Amino acid sequence: MARIETLPVRVGDSLVIGAGHPVVVQTMCNTHTSDVDATVAQSLELAAAGAQLVRITVPGRQDVPHIAEIKRRLRAAGCNVPLVADIHFSSETAIEVAPVVEKVRINPGNFHPDHEQARAQFARFLAVCKEHGTAVRVGLNHGSLGRYITDRYGNTPHAMAMAAMEWLEMCIEADFLNVVVSLKASNTVVMVEAYRELARRMQERGVVFPMHLGVTEAGGGDSGRIKSCVGIAALLQEGIGDTIRVSLTEPPVNELPVAQYLAQYGAAERSLPDGRPGIIFRAAARKTNSGSAFPSAAQDAMLDAAILWGPKLLKREIDEIPADAGLSEYLRDEIMQAARRRFYRPEYIACPGCGRTMYDLQTTFEEVQRRTAHLKGMVIAVMGCIVNGPGEMADADWGYVGEGGGKVTIYHRSKPVLRHIPDSEAIDRLLELIEAESGATPRTATDL
Ligand code: SF4
């Protein structure tokens, strides 16, 4: 399958995304941006492990000097990895940080509460990016499209593609084309359909921006890896995708081997549109990634199985993984669930955490998984912050959202039902609520 031809997007002095360049691997810090020492240390660790872009959250204007200092220290240490500022809910912060970093990710769904104001602010933002040579990601997420779009199109893949096209059209009108676009969802079917429609619409428009792929809030462990591989590989097989982030509810360095595996897979499977050399065969490419973080052979086999069978299930080429495929029952179940063809356990939505996270997200998520494993088919979210978490878990039946300060809010179908619960009690309270609502038997920690 030939790669879809896209515009080149230049990020910093030496990195180009799209236009046939090898798929770029990126990740995001989960340190607090105001903790400059920790964020510098983590950025160095990520760059050394192969991250070609490092994203850092910038929650407000007060954090712009922090990211400027982080960049200064990285460059002084000889680390030139381009930095991406991640912006939610503050268009002024996006405008202020644009001269400081190589790239800014904005979420159109929360750029400004008023749609016309959002458009006006976006025009200002693009002018600053153009002046400073800063790249942009228009990063929409299924869970945070904004009322303006969902009132028109529902909360659908079509809505995601249409929303993206509106913002991309503004970039074209502003003659600013240094733009990458993403349409992430935690539901692999939604994610794949949205990117496909977007790719088709951009091709019809005659201006194709590079696409950043990711299954958002994929969770962690085997299931997070499998889900990411199923969704991302399905698109890579169709020639879609120029940069990848695998989101795991784990230390971000763990994301890189999976993303590298997928990027090499994409390169091996695809030829460039004009037939130029550029195909990297997996066996050769993997020699360049023999660091200690690279997956073991067993993990490779798991990723291979997800990459092979998941896209076939997603595309409905098959209904089951063949019995003679040589997979364990566990792996078959996980791939079937990642492709949303059969649910044998709860479906989890868990964000990877970032500088907004105010509690031990990974440990909490693992505990929630342990205590809710019997609730087959239920959708349970564990989110790192109260600012962005509730919007991003729109599909969840139940949500556990950290407020910070040791407190948690529990959501039921997008509505907060218990606020300010001490985190030591929050999982018990969540299970009591689930029992009361569904009749499910709660599990106490001692049952396990
Ligand atoms: Fe960060 Fe998670 Fe909040 Fe998203 S939901 S901003 S990843 S803490």
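Brief remarks follow.
- Within the straight-line cut-off of under 30 Å between alpha carbons, the lysines reachable from Lys415 are Lys184, Lys227, Lys376, Lys407, sequence neighbours fewer than 8 places apart in one chain being disregarded.
- The phi torsions of region 343-358, fed into the Karplus equation with coefficients 6.51, -1.76 and 1.60 and a -60° offset, translate into couplings of 10, 10, 8, x, 9, 10, 10, 9, 6, x, x, 7, x, 8, 6, 10 Hz, rounded to whole numbers, with Gly and Pro shown as x.
- Scanning residues 5 or more positions from Met28 or on other chains, those with amide H under 5 Å from its amide H are Arg55, with H placed 1.01 Å from N in the peptide plane.
- Kirkwood-type hydrodynamic radius, region 41-162: 15.2 Å, calculated from all non-identical alpha-carbon pairs.
- Placing R0 at 35 angstrom, the Cβ-Cβ distance between Glu329 and Ala48 gives a FRET efficiency of 0.35 after rounding to 0.05.
- Taking 0.36 nm per residue of separation and subtracting the current Cα-Cα distance, fully stretching the chain between Ile318 and Ser438 would add 39.9 nm.
- Most simply put, the chain has about 25% antiparallel DSSP beta bridges, counting only bridges with both residues inside it.
- Spacing of the modelled spin labels on Thr150 and Glu116, each 7 Å from Cα toward Cβ, amounts to 2.4 nm.
- The string of couplings for region 11-21 from the Karplus curve (6.51, -1.76, 1.60, θ = phi - 60°) is 10, x, 7, 10, 9, 10, 10, x, 6, x, 5 Hz, one whole number per residue in order, with x for Gly and Pro.
- Three-way shape label, region 160-213, alpha-carbon gyration tensor, a/c 1.5: prolate
- Computed 3J(HN,Hα) for region 86-103, one whole-Hz value per residue from the Karplus formula 6.51 cos²θ - 1.76 cosθ + 1.60 where θ = phi - 60°, is 9, 10, 9, 6, 8, 5, 5, 5, 4, 5, 6, 8, 4, x, 8, 10, 7, 8, glycine and proline marked x.
- P(r) for region 297-448, from all Cα pairs and a bin width of 5 Å, is 2, 9, 17, 18, 16, 13, 11, 9, 3, 1, 0 %, short bins first.
- Modelled label reach - Thr363, point 7 Å along Cα→Cβ, region 217-251 residues with backbone N closer than 16 Å: 250-251
- For the chain: rounded, prolate or oblate by the Cα gyration tensor [a/c cutoff 1.5]: rounded
- For the options Ala325, Ala259, Ala68, a Gaussian network treatment of the chain with springs between C-alpha atoms closer than 10 Å singles out Ala325 as fluctuating the most.
- Total charge dipole magnitude, region 301-421, about the Cα centre, Cβ charges on Lys, Arg, Asp, Glu only, Debye to nearest 20: 440 debye
- Over region 1-74, all Cα pairs binned in 10 Å intervals from 0 give whole-percent P(r) values of 18, 42, 27, 11, 1, listed from short to long.
- If you plug the beta carbon distance of Arg413 and Asp13 into 1/(1 + (r/R0)^6) with R0 = 35 Å, you get a FRET efficiency near 0.15.
- Largest first and in whole Å, the equivalent-ellipsoid semi-axes of region 329-406 read 24, 12, 11, each the square root of five times a Cα gyration tensor eigenvalue.
- For region 192-263, the Cβ-based charge dipole about the Cα centre amounts to some 160 debye (Lys, Arg positive; Asp, Glu negative; other atoms uncharged).
- Alpha-carbon Debye profile of region 120-217, log10 I(q)/I(0) at 0.10, 0.14, 0.20 Å⁻¹: -0.25, -0.50, -0.98
- Exposed-site-free run, longest, the chain (rule: GluC sites (Glu not before Pro); DSSP loop; at most 15 other C-beta within 10 Å): 6-316
- Candidates Ala297, Ala159, Ala120: whichever shows maximal mean-square fluctuation once the chain is modelled as a Gaussian network with Cα springs under 10 Å: Ala297
We did not get these values from a lab; they are worked out from the coordinates using the rules stated. The shown structure was predicted, so the numbers you read here are calculated from the model rather than taken from an experiment. Heads up, the Cβs are rebuilt from the backbone with ideal geometry, glycines too, and the neighbour counts pull from every protein chain shown.
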